[in-house]
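K.L.:
First the structure, then my questions, so here it is.
The values are calculated or read from the model by the stated rules, or taken from the named source; none is laboratory data. Since we're looking at a predicted model, the values are computed, not measured. All Cβ positions, even for glycine, are placed from backbone atoms using ideal geometry, and neighbour counts span all protein chains on display. Keep in mind that these areas ignore ligands, DNA and RNA; they rest on the heavy atoms of the full protein, side chains included. Shrake-Rupley method; radii C 1.70, N 1.55, O 1.52, S 1.80 Å.
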Protein chains: 2
Amino acid sequence: MSVYTITIHGGAGTILKENMTAELEASYKNGLSEALAIGFALLENEGTALDAVKAAVISLENNILFNAGKGSVFAKDGQQEMDASIMDGKNLMAGVVSAVKNIRNPVELAYTIMTQSPHVMLTGQGAAEFAKLHGLKFEDDAYFFSQFRYDQWKQLQNSGATALDHNVSLKDQSAAQADKKFGTVGAAACDKHGNIAAATSTGGMTNKQWGRVGDSSIIGAGTYANNKTCAISCTGHGEPFIRAVAAYDVSCLIEYKGLSLNDAMNIVVNDKLMKIDGEGGMIGVDAKGNAAMIFNSDGMYRAMRNSNEENIIAIYK
Amino acid sequence: MSVYTITIHGGAGTILKENMTAELEASYKNGLSEALAIGFALLENEGTALDAVKAAVISLENNILFNAGKGSVFAKDGQQEMDASIMDGKNLMAGVVSAVKNIRNPVELAYTIMTQSPHVMLTGQGAAEFAKLHGLKFEDDAYFFSQFRYDQWKQLQNSGATALDHNVSLKDQSAAQADKKFGTVGAAACDKHGNIAAATSTGGMTNKQWGRVGDSSIIGAGTYANNKTCAISCTGHGEPFIRAVAAYDVSCLIEYKGLSLNDAMNIVVNDKLMKIDGEGGMIGVDAKGNAAMIFNSDGMYRAMRNSNEENIIAIYK
């Protein structure tokens, strides 16, 4: 029996203690703790790594604090468009959905694409039709609405700022605003049998336009899993993560250079991504149950727990 | 001054000499020859690798014989939806468009996204709005129509076959039908200064549904370029190419294992992709001007030319 492990993230960016209230910090930690517990309980009870990452990400999608599912950010047109991906390290199967609206749990749709279609990636209205066919749960706009995200969007709209919300210099550096930078959630897990999996989900960038797609829906960039190497979920400035093929690069450094999970992630996050202004981070596991959480930004909402009774929940550097 | 090289493809699949007429074979070779000449002329005249791959792919998109731009296949709803991507090995910049309609040259849109937006990937209606804003050329449905592709689609519709047209066993194995398997076009080039680039464009799969996205619009899967390693454009069954992160895997085998371009491509195409039923092939160059064209299917429309006067145009194994 392997050491079993789960690690999750709820986004990275300029998350500074001085901008956070004690209440908000407690809420984020509670959200992470809840998702971690749900995933870990599955691993304890013979659940697969795939089950665990899906369940943990669903918990984070259902939490209004995180930018995925309920509480997703608003695009330029006021719509909430979501992306998600999942990959099973046992057989390299993968499922991806991009630019969908009103799907309660995008990661569940990515899972259904992986398991119920011959395809890896579906997008837009077509993906929604597939979701309907398979009985996935839809919610109306009110379900996804959060006043906090709406106010963020209105503020960006009024400032005339467009797509890259993290490039916008906000006058009021409240905790709420600082937090919005790279809103993504994700999980990576290793089960008792040494199978690993990863999943990522996001509501994208506030005030985004032109149908921009980020790394959360790109296999190899935001998500990757292979029992031989690692399972990775990224969060950060999507464009450099796509150009760096960040998640798969970690896998290649392990497979071809013999690096450890931690060393491989460190090179990608703190060297390769930095060279192309790729701010953010990633979480990962390998098939021995090792886990790592590495970021080059001020903070990353993150947590990990394993069967050796290690248990970490953290936000800042 | 480096050896300068360009290599192009027009798709791979069950392309058999016994199913081909002499006229059709000549037409395909003419199309490849024309695109190759346009790209090569740019390289001879101080054009960049990026200019050359864009121009070669535009030529193939404008040729009704190939499944990209004009002559794209029909999706299940009778629409012609196109994907394209481009990457510059000099600076790792990339541009991608997926699920767009009526854009005359999708690769030009991918290039414009790379050079004129802060994003890498745009999709659907949003991508079309961006294209309008930047004055890209649109065409009506009639421009993209080809009787041949339309008949293919009608035949698949009548057979009740859905998305995976290459899994459909067609009774009439005419050259035309055999050819439709993995319709994609692409180019990779190395210029006099040792800069490399790659581009890929496709009309997708006949009778595809649910907004399926293939590897042609995934950086790392269908397209990748990095001066340190290689520039790659793939064509094949998109799903395994995405799961294998095929293009970037070649780059990693060169960077981390020290393999040659040819050996790295050979491992990915004939070993890694084969293990997950990844039928198809790829073309590639490195920054010394070496080129390779490797496929595991019966044929691949392909061509290459370099400043050492090598000149190849081929279809079958």
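K.L.:
Within region B:123-150, which residues are open to solvent by less than 80 Å² (accessible area, probe 1.4 Å), more than 14 Å from chain A (Cβ to nearest Cβ) and over 25 Å from A:Met121 (Cβ atoms)?
P.N.:
B:Gly135, B:Phe138, B:Glu139, B:Ala142, B:Tyr143, B:Phe145, B:Ser146, B:Phe148, B:Tyr150
K.L.:
Where residues in region B:1-32 are under 19 Å from B:Ile312 (Cβ atoms) and among the aliphatic types (A, V, I, L, M), which of them is nearest to the chain's Cα centre (by Cα)?
P.N.:
Checking each candidate, the answer is B:Ile8.
K.L.:
Same structure, new question: Just to be sure, is B:Asp271 among the acidic types (Asp, Glu) and either crowded, with 20+ Cβ neighbours inside 10 Å or touching a strand residue (DSSP E or B) at 6+ places or on another chain (Cβ under 9 Å) (or both)?
P.N.:
no
K.L.:
Looking only at region B:88-120, count every residue that is within 8 Å of chain A (Cβ to nearest Cβ), over 26 Å from B:Phe145 (Cα atoms) and out of contact with any Gly (no Cβ under 7 Å at 6 or more places or on another chain) and tell me the total.
P.N.:
Here the count works out to 6.
K.L.:
Restricting the search to region A:5-32, which residues are crowded, with 17+ Cβ neighbours inside 10 Å and either among the β-branched types (Val, Ile, Thr) or assigned to a helix (DSSP H, G or I) (or both)?
P.N.:
The answer is A:Thr5, A:Ile6, A:Thr7, A:Ile8, A:Thr14, A:Ile15, A:Asn19, A:Tyr28, A:Gly31, A:Leu32.
K.L.:
Also, I was wondering about something else. In region B:199-248, which residue that is more than 12 Å from chain A (Cβ to nearest Cβ) and under 19 Å from B:Leu109 (Cβ atoms) is surrounded by the most Cβ atoms within 10 Å (Cβ to Cβ)?
P.N.:
Selected residue: B:Thr200.
K.L.:
Of all residues in region B:65-78, which are surrounded by 24 or more Cβ atoms within 10 Å (Cβ to Cβ) and not hydrophobic (A, V, I, L, M, F, W, C)?
P.N.:
B:Asn67, B:Gly69, B:Ser72
K.L.:
Now for a different question. Out of the strands (runs of 3 or more DSSP E) lying entirely within region A:256-317, which hold 1 or more residues that are under 21 Å from A:Thr223 (Cβ atoms)?
P.N.:
Here the list reads A:280-285, A:291-295, A:299-306.
K.L.:
What tally of residues in region B:10-53 results from selecting those that are modelled with pLDDT of 95 or more, under 21 Å from B:Ala291 (Cβ atoms) and hydrophobic (A, V, I, L, M, F, W, C)?
P.N.:
Total meeting the criteria: 13.
K.L.:
Would you check if A:Ser59 is crowded, with 18+ Cβ neighbours inside 10 Å, at pLDDT below 95, of a type in the set (Gly, Ala, Ser) and not in a strand (DSSP E or B)?
P.N.:
Here the answer is no, as A:Ser59 does not meet what is asked.
K.L.:
Residue check: is B:Asp277 in contact (Cβ under 8 Å) with a residue 40 or more places away in the chain and either in contact with a Leu (Cβ under 9 Å, 6 or more places away or on another chain) or open to solvent by 50 Å² or more (accessible area, probe 1.4 Å) (or both)?
P.N.:
So B:Asp277 fits the description; yes.
K.L.:
Out of curiosity, is B:Val73 under 18 Å from B:Asp215 (Cβ atoms) and at pLDDT 95 or above?
P.N.:
no
K.L.:
Still on this structure, I have one more. Do we have any residue at all in region A:79-92 that's of a type in the set (A, V, I, L, M) and either in a loop (DSSP other than H, G, I, E, B) or surrounded by fewer than 24 Cβ atoms within 10 Å (Cβ to Cβ) (or both)?
P.N.:
The answer is yes; a qualifying residue exists.
K.L.:
Counting only residues that are over 10 Å from the mean Cα position of the chain (by Cα) and surrounded by 24 or more Cβ atoms within 10 Å (Cβ to Cβ), how many does region B:182-198 have?
P.N.:
Counting residues in region B:182-198 that are over 10 Å from the mean Cα position of the chain (by Cα) and surrounded by 24 or more Cβ atoms within 10 Å (Cβ to Cβ) gives 5.
K.L.:
Within the bounds of region A:250-263, is there any residue that is open to solvent by 10 Å² or more (accessible area, probe 1.4 Å), away from chain B (no Cβ under 12 Å) and either closer than 23 Å to B:Asp215 by Cα or touching a Pro at 6+ places or on another chain (Cβ under 6 Å) (or both)?
P.N.:
The answer is no, given that none of the residues of region A:250-263 is open to solvent by 10 Å² or more (accessible area, probe 1.4 Å), away from chain B (no Cβ under 12 Å) and either closer than 23 Å to B:Asp215 by Cα or touching a Pro at 6+ places or on another chain (Cβ under 6 Å) (or both).
K.L.:
Identify the single condition in (1) outside any loop (DSSP other than H, G, I, E, B); (2) open to solvent by 30 Å² or more (accessible area, probe 1.4 Å); (3) out of contact with any helix residue (DSSP H, G or I) (no Cβ under 6 Å at 6 or more places or on another chain) that A:Asp51 does not satisfy, given that it satisfies every other one.
P.N.:
Result: A:Asp51 passes all but (3).
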